[in-house]
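Peer 1: Structure in structure tokens, see below.
The values are calculated or read from the model by the stated rules, or taken from the named source; none is laboratory data. It should be emphasised that the depicted structure is a prediction, and the values quoted were computed from it without experimental measurement. When we count neighbours, we look across all protein chains shown, and the Cβ atoms used for this are built from the backbone with ideal geometry, even at glycine.
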């Protein structure tokens with residue numbers, strides 16, 4: 001049965017959400033008109049508030065409807081069929097909600113209604129102008145999932161997630177035969193996204209994007225109502241909150257990439273990654289100018305510009321990642337759903353209106369009577385904000401190359417500009433120097449901010465500088481840092497830690513709540529040190545000393561055979577020396593769903609095109625029996641883990657399990673690393689080449705050997721010896737009766753310094769002959785006991801050979817990467833402290849203003865005689 005009701009309800013609720021957003025926009029606009037009577041303003045405000053809450057209910061209803069469709073596996077709906085499946089674990093079902101464009105837009109809309117509701121209750125004095133902007137943004141966002149065609153114009157507005165599969169794919173033959181056909185299963189969530197980070201990273205990132213609307217709305221409201229300076233106090237804590245959440249979201253994505261993708265790092269300067277960090281950089285610059293915006297006119301003007309720019313950049317990044325303009329430039333970008341025109345209108349509308357309003361009010365903005373002194377707090381904040389913006393501009397200018405090409409194409413010109421071939425090298429070349437300067441300013445600026453130095457008294461900086469130079473010299477010597485640009489960055493970061501640490505110690509003695517800025521700066525400096533060593537001084541451990549070329553593919557031969565030199569080949573159960581380690585590839589394992597860890601692939605028979613497997617033996621893990629032979633168990637069928645044993649010179653042994661994933665959505669086979677984490681470094685290991693673990697082996701033509709007992713014969717370059725043929729009472733997979741007989745051959749196979757015993761069986765059962773072959777994966781041999789000749793005493797064996805199992809793997813050491821993760825933790829603590837402090841300041845001021853307003857109202861009440 002096709003469940004049309006929930007889809008129709010969801011689509012209707014989207015329309016209601018769109019209409020109520022438009023009505024709330026108009027009503028809040030009328031309520032914000034300063035020339036209207038007070039009673040009229042209040043009437044419009046009440047109506048606007050009621051309409052907005054109806055919008056909130058509609059949005060929550062849309063979210064519920066879509067999740068209901070996905071959670072109940074209504075595969076008649078295209079969105080559920082495309083993004084979920086019966087095999088998808090319940091914990092990841094929510095991730096499929098935002099895997100596609102419509103769901104991610106809905107996630108953004110959801111966060112906006114949450115934030116808008118908080119603003120209504122927390123800041124009534126700014127409600128009308130701020131919520132006018134909020135509601136208008138909601139109208140644009142809900143239009144993206146409207147899915148309505150304007151009659152007569154044949155213009156489609158938005159793309160709805162509530163379309164049936166037969167509405168999206170009407171030409172599929174099955175619908176012509178059966179219009180009510182419902183798929184039994186869906187395509188499923190991209191296996192690469194079935195990761196706990198992907199459950200929390202997108203909501204966090206979109207909350208960060210959504211929260212940039214708040215300072216933007218306050219800035220526009222300030223320009224509209226001529227509250228030129230007052231808007232900063234309520235906007236600043238929200239700007240800090242936005243920087244905190246967006247920064248955490250970006251870092252979550254970086255950590256997901258580090259432990260899931262195999263490019264060997266946490267940041268690859270991908271266009272989609274860049275489009276999220278540029279607004280963050282500009283937002284951080286805006287926060288710094290907002291801090292001094294109430295007492296400096298230039299900072300106030302800059303705050304308007306940067307706050308507006310932050311939100312516009314969020315819209316621009318949305319356009320880039322969702323319009324299809326990036327094409328194949330990013331693995332993270334969405335395909336175009338025909339929304340590029342709408343997204344462009346969205347971007348241009350807010351750009352033109354906000355910039356136009358700023359220009360209109362520019363003359364009414366205050367001006368400074370005198371120039372800012374070089375020794376003032378304001379000067380150093382301006383310099384820092386300028387460098388942050390320049391850093392963001394350089395990233396944006398290069399990332400936008402596909403946009404330049406599209407613009408030129410629209411005007412009939414061909415630019416043929418291309419993104420840098422070595423994107424990491426290109427961006428690092430600029431960003432290293434930008435952040436060297438920025439991090440120095442965090443230290444110098446703190447001394448000027450807290451008036452520890454000034455004109456004619458710079459001595460306060462001497463001690464931190466001297467200490468930083470001494471520490472830097474020691475680190476440079478000990479770690480062997482020789483490149484001048486790395487020496488500069490390292491010295492700058494250590495100076496920032498020492499300088500901010502000095503200020504921090506002084507602040508803690510007084511009011512520790514004021515220390516958020518210093519702690520944040522220390523965190524960023526630690527991050528830069530961690531990035532420097534873990535990236536610039538990554539050491540490849542898996543050096544190929546065999547003298548043999550592993551592969552002639554372009555991937556391996558590029559850059560003077562770089563990957564051929566930096567990968568090693570491991571044969572199953574054959575030890576191989578790698579640096580100080582002795583490596584052995586032990587097994588291929590699979591991941592059961594309700595059993596801890598991984599189990600050998602040989603323990604189960606995986607059901608094709610399903611998420612079940614049949615146990616070929618009792619499944620016992622850590623002395624606990626989970627399944628009996630013949631049981632069906634659930635697994636993750638696309639994931640295979642290669643057990644690699646590392647043996648250190650000390651004798652310590654540990655195992656790593658790098659993953660190979662069969663993922664058609666990502667082009668076939670995708671490798672993910674496993675990481676051995678130590679205090680001073682990470683050992684990062686991934687499989688770079690492997691035979692398809694789901695493919696059956698291709699066996700050679702059968703070769704027969706007839707031998708006597710103790711004879712030696714040669715099989716595929718191995719020496720084989722028939723040691724014995726013995727009677728056996730049991731043969732795996734064969735039930736022996738009272739009159740049955742079975743014998744087992746003991747064939748010893750010699751391979752260099754290893755010796756293997758292969759035991760094929762010959763069975764006479766119910767007067768019928770059965771031959772049970774034995775496969776040795778280490779040798780790539782399959783031996784079948786073919787015949788016994790009682791007259792001659794000879795035995796015949798059928799032998800097939802195949803390619804021995806091997807993997808090609810790469811291992812690198814990333815020194816001091818834990819300093820990066822420590823720095824992120826410290827930075828987050830600092831931002832949390834700064835955000836809490838600014839919210840407390842705002843609440844105190846708001847309550848004071850409300851008390852004063854209520855007192856004035858009481859005075860104005862007529863006195864009764």
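Peer 1: Mind listing whichever residues of region 149-166 are out of contact with any helix residue (DSSP H, G or I) (no Cβ under 7 Å at 6 or more places or on another chain) and in contact (Cβ under 8 Å) with a residue 60 or more places away in the chain?
Peer 2: Listed by number, the list holds a single entry, 156.
Peer 1: Moving on. Would you confirm whether any residue within region 143-153 is over 30 Å from residue 48 (Cβ atoms) and surrounded by 18 or more Cβ atoms within 10 Å (Cβ to Cβ)?
Peer 2: Scanning region 143-153, I find no residue that is over 30 Å from residue 48 (Cβ atoms) and surrounded by 18 or more Cβ atoms within 10 Å (Cβ to Cβ), so the answer is no.
Peer 1: Right, another one. Sort out which residues of region 546-562 are part of a helix (DSSP H, G or I) and either in contact with a strand residue (DSSP E or B) (Cβ under 7 Å, 6 or more places away or on another chain) or under 19 Å from residue 803 (Cβ atoms) (or both), and write them in order of number.
Peer 2: 556
Peer 1: Does residue 509 satisfy being surrounded by fewer than 13 Cβ atoms within 10 Å (Cβ to Cβ) and over 22 Å from residue 247 (Cα atoms)?
Peer 2: Answer is yes for this residue.
Peer 1: Condition first: assigned by TED's automatic domain parsing to the domain that holds residue 104, within 30 Å of residue 170 (Cα to Cα) and surrounded by fewer than 17 Cβ atoms within 10 Å (Cβ to Cβ). Can you find one or more residues in region 72-81 that meet it?
Peer 2: Yes, region 72-81 has at least one match.
Conditions (1) at pLDDT 90 or above; (2) under 30 Å from residue 536 (Cα atoms); (3) in a strand (DSSP E or B), marked per residue:
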residue: 683; (1), (2), (3): yes, yes, yes
residue: 687; (1), (2), (3): yes, yes, yes
residue: 694; (1), (2), (3): no, no, no
residue: 697; (1), (2), (3): no, no, no
residue: 713; (1), (2), (3): yes, no, yes
residue: 720; (1), (2), (3): yes, no, yes
residue: 723; (1), (2), (3): yes, no, yes
residue: 729; (1), (2), (3): no, no, no
residue: 737; (1), (2), (3): no, no, no
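Peer 1: For region 603-636, what are the residues that are out of contact with any strand residue (DSSP E or B) (no Cβ under 8 Å at 6 or more places or on another chain), surrounded by fewer than 14 Cβ atoms within 10 Å (Cβ to Cβ) and touching a residue at least 12 places away in the same chain (Cβ under 8 Å)?
Peer 2: Listed by number, the list holds a single entry, 622.
Peer 1: Are any of the residues in region 756-776 part of a loop (DSSP other than H, G, I, E, B), modelled with pLDDT under 95 and exposed (fewer than 14 other Cβ atoms within 10 Å of the Cβ)?
Peer 2: Among the residues of region 756-776, at least one is part of a loop (DSSP other than H, G, I, E, B), modelled with pLDDT under 95 and exposed (fewer than 14 other Cβ atoms within 10 Å of the Cβ), which makes the answer yes.
Peer 1: Something else: Failed condition for residue 497, given (1) modelled with pLDDT of 95 or more; (2) within 26 Å of residue 245 (Cβ to Cβ); (3) surrounded by fewer than 19 Cβ atoms within 10 Å (Cβ to Cβ), with all others met?
Peer 2: Condition (3) is where residue 497 drops out.
Peer 1: Would you confirm, using the coordinates I've provided, whether residue 365 is over 18 Å from residue 296 (Cβ atoms) and either at pLDDT 90 or above or in contact with a helix residue (DSSP H, G or I) (Cβ under 7 Å, 6 or more places away or on another chain) (or both)?
Peer 2: no
Peer 1: Still on this model: Can residue 69 be described as under 24 Å from residue 179 (Cα atoms), part of a helix (DSSP H, G or I) and in contact with a strand residue (DSSP E or B) (Cβ under 6 Å, 6 or more places away or on another chain)?
Peer 2: yes
Peer 1: I'd like to know if region 171-187 contains one or more residues that are touching a strand residue (DSSP E or B) at 6+ places or on another chain (Cβ under 9 Å), closer than 23 Å to residue 92 by Cα, buried (at least 19 other Cβ atoms within 10 Å of the Cβ) and touching a residue at least 60 places away in the same chain (Cβ under 8 Å).
Peer 2: Checked region 171-187: no residue is touching a strand residue (DSSP E or B) at 6+ places or on another chain (Cβ under 9 Å), closer than 23 Å to residue 92 by Cα, buried (at least 19 other Cβ atoms within 10 Å of the Cβ) and touching a residue at least 60 places away in the same chain (Cβ under 8 Å).
Peer 1: Look through 614, 588, 620 and report the one residue that is closer than 21 Å to residue 663 by Cα and part of a strand (DSSP E or B).
Peer 2: That would be 588, the only listed residue that is closer than 21 Å to residue 663 by Cα and part of a strand (DSSP E or B).
Peer 1: Kindly provide the set of residues from region 454-480 that are farther than 24 Å from residue 529 by Cβ and touching a residue at least 24 places away in the same chain (Cβ under 8 Å), ordered by number.
Peer 2: Hits for region 454-480 are 454, 455.
Table: residues versus (1) surrounded by 17 or more Cβ atoms within 10 Å (Cβ to Cβ); (2) touching a residue at least 60 places away in the same chain (Cβ under 8 Å).
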{"site": "358", "(1), (2)": "yes, yes"}
{"site": "365", "(1), (2)": "no, yes"}
{"site": "368", "(1), (2)": "no, yes"}
{"site": "390", "(1), (2)": "no, no"}
{"site": "397", "(1), (2)": "no, no"}
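Peer 1: Now for a separate question. Suppose the filter is more than 27 Å from residue 501 (Cα to Cα), surrounded by 17 or more Cβ atoms within 10 Å (Cβ to Cβ) and modelled with pLDDT of 95 or more; does residue 423 pass it?
Peer 2: No; evaluated as a whole, the condition is false for this residue.
Peer 1: Could you tell me which residue of region 656-668 is modelled with the lowest pLDDT, considering only residues that are in a strand (DSSP E or B) and under 13 Å from residue 686 (Cα atoms)?
Peer 2: The qualifying residue modelled with the lowest pLDDT is 661.
Peer 1: Only one of 583, 572, 528 is crowded, with 22+ Cβ neighbours inside 10 Å and within 18 Å of residue 686 (Cα to Cα); which?
Peer 2: Result of the check over 583, 572, 528: 583.
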